[in-house]
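Beneath this line is the structure, given in structure tokens, with notes to follow.
The values are calculated or read from the model by the stated rules, or taken from the named source; none is laboratory data. Since we're looking at a predicted model, the values are computed, not measured. Note that we place each Cβ from the backbone using ideal geometry, even for glycine, and neighbour counts take in every protein chain shown.
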Amino acid sequence: MVNTVKSSIKHIGRQVRAESGGHTIILDEPVAGKGTDAGANPVQYLLMALNGCLSITAQSIAASRGIDLKKFDLNTSGQTERFSDKSSKVSKIKVVFDVETDLGSGDQQHFIDDVLQRCTVHNSLDPNIDYQFEY
């Protein structure tokens, strides 16, 4: 599967208009970052993509295994590290899982481990990111 994204700057603050699959979003920076705060910043979208992928993967696995997935809520934060050459990267990601299923605690943990293993976005991120998972 190939996903294509088209983006262009809007010449308003730091705004970028991005389109993919018939959907459009605005990326921006907060006013303190010379943006207009008209949209989430790219790192926030990265974290939203991770949450979305984990959640969709959980729903897919649960449906294929007949698991009653009552709740799959995530609260994710990311820490950005800035380097002396002015480059930066996300160095730490913390994901707090609030999950309710019809599984016992050991089986539920195995289910979450399977979700992490199958999530495309999680698998695509830098393996050197310091992850912290809380259940």
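Filter the range 72-91 down to the residues that are farther than 30 Å from residue 111 by Cβ and among the β-branched types (Val, Ile, Thr) and list them by number.
Residue satisfying the conditions is 80 alone.
Could you please find all residues in the range 19-50 being in contact with a Leu (Cβ under 6 Å, 6 or more places away or on another chain) and either crowded, with 16+ Cβ neighbours inside 10 Å or at pLDDT below 95 (or both)?
Of the range 19-50, the ones in contact with a Leu (Cβ under 6 Å, 6 or more places away or on another chain) are 39, 42.
Of everything in the range 19-50, just one residue is in contact with a Leu (Cβ under 6 Å, 6 or more places away or on another chain) and either crowded, with 16+ Cβ neighbours inside 10 Å or at pLDDT below 95 (or both), namely 39.
How many of the residues making up the range 53-88 are exposed (fewer than 14 other Cβ atoms within 10 Å of the Cβ) and under 30 Å from residue 31 (Cα atoms)?
Result for the range 53-88: 13.
Which pairs do you get when a residue that is closer than 13 Å to residue 80 by Cβ, found in the range 25-49, comes within reach of a residue that is assigned to a helix (DSSP H, G or I) and β-branched (Val, Ile, Thr), reach meaning Cβ atoms under 9 angstrom, with the pair 6+ apart or on two chains?
That search, which allows pairs on different chains as well, returns 46/121.
Restricting attention to the range 1-52, report how many residues are in a helix (DSSP H, G or I) and β-branched (Val, Ile, Thr).
2
Tell me which residues, restricted to the range 1-24, are out of contact with any Asp or Glu (no Cβ under 8 Å at 6 or more places or on another chain) and under 23 Å from residue 120 (Cα atoms).
To start, the set of residues in the range 1-24 that are out of contact with any Asp or Glu (no Cβ under 8 Å at 6 or more places or on another chain) comprises 1-4, 8-12, 17-24.
1, 2, 3, 4, 18, 19, 20, 21, 22, 23, 24 - these are the residues of the range 1-24 that are out of contact with any Asp or Glu (no Cβ under 8 Å at 6 or more places or on another chain) and under 23 Å from residue 120 (Cα atoms).
Can you pull out every residue in the range 53-82 that is assigned to a helix (DSSP H, G or I) and over 30 Å from residue 15 (Cβ atoms)?
57, 58, 59, 60, 61, 62, 63, 64, 65
Residues 90, 115, 99, 121: which one is of a type in the set (A, V, I, L, M), under 14 Å from the mean Cα position of the chain (by Cα), outside the structural domain of residue 17 (by TED's automatic domain parsing) and in a strand (DSSP E or B)?
90
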